[in-house]
1. Tell me, please, whether a residue that is modelled with pLDDT under 85 and open to solvent by 50 Å² or more (accessible area, probe 1.4 Å) can be found in the stretch 49-59.
2. Need pairs with beta-carbon distance below 7 Å; first residue under 18 Å from residue 67 (Cα atoms) and within the stretch 77-91, second modelled with pLDDT under 75 and of a type outside the set (A, V, I, L, M); sequence gap 6+ or separate chains.
3. Only one of (1) in a strand (DSSP E or B); (2) under 16 Å from residue 4 (Cβ atoms); (3) of a type outside the set (Gly, Ala, Ser) is not met by residue 67, so which one is it?
4. Restricting the search to the stretch 1-55, which residues are in a loop (DSSP other than H, G, I, E, B) and small (Gly, Ala, Ser)?
5. Of the conditions (1) open to solvent by 20 Å² or more (accessible area, probe 1.4 Å); (2) at pLDDT 85 or above, residue 39 clears all except one; give me its number.
Amino acid sequence: MGNIMIEDNIANYVEVLYCDYKILTKLYDEKIYDKVYCCYQINNGFLTINTWLNGNIFSITCNQDYKGLYKDKIYTGISVGELLSLPTRQMIIDDD
């Protein structure tokens, strides 16, 4: 998403991100899979990148203002019905 790849390292993107965008960085004491993680929020949540402390990206999310597509199939505002009709495996995460 946004030409940023999961499992890549945030260090590969930091220079461009900080030059071109407003970035909010936060270290979370809460743990996911018993690991502390870091969150990079770009332009008020337009994109949010979560990394482990070593910088490896494990999640990328976006808000409703993101207009890109993921693999030309998944986009912001997609309905659950459309998502479930896709022929490949998906993982739906509800963080509420």
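The values are calculated or read from the model by the stated rules, or taken from the named source; none is laboratory data. This one's a predicted model, so the numbers in the text were calculated from it and none came from an experiment. Note that we place each Cβ from the backbone using ideal geometry, even for glycine, and neighbour counts take in every protein chain shown. Note: accessible area is taken over every heavy atom of the protein model, side chains too, but ligands, DNA and RNA are not part of it. Shrake-Rupley method; radii C 1.70, N 1.55, O 1.52, S 1.80 Å.
1. Within the stretch 49-59, the first condition is being modelled with pLDDT under 85, and the residues that meet it are none.
Among the residues of the stretch 49-59, not one is modelled with pLDDT under 85 and open to solvent by 50 Å² or more (accessible area, probe 1.4 Å), which makes the answer no.
2. Cβ pairs passing all conditions: 83/90.
3. (1)
4. The answer is 2, 45, 55.
5. (1)
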